[in-house]
Amino acid sequence: MITYHAIGYHGLFAALGALALLRLLPTGSRAHRLLSRALLAALLITAALVGLSY
């Protein structure tokens, strides 16, 4: 059974991969901006899901 906690933890593991990829991409590139915005949105959603699980 998938719980809110499991979704949150998997989201954080994916965020670590995204952070590693952000370090490899050039700073001003379009891919860097898109990934950083997607990462921010994913972290906000993860925080909301974990917060709602309590």
Checklist line | the chain: Rg to Rh, with Rh as the Kirkwood radius over Cα pairs | finding: 1.08
Note to self: Expected output is a single nm value to one decimal: the length gained when fully extending between L16 and I45, i.e. 0.36 nm times separation in residues minus the C-alpha distance. What is it?
What the structure shows: 8.9 nm
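A short reminder: the numbers here are calculations on the coordinates, not readings from a lab. The structure displayed is predicted, hence computed values, not measured ones.
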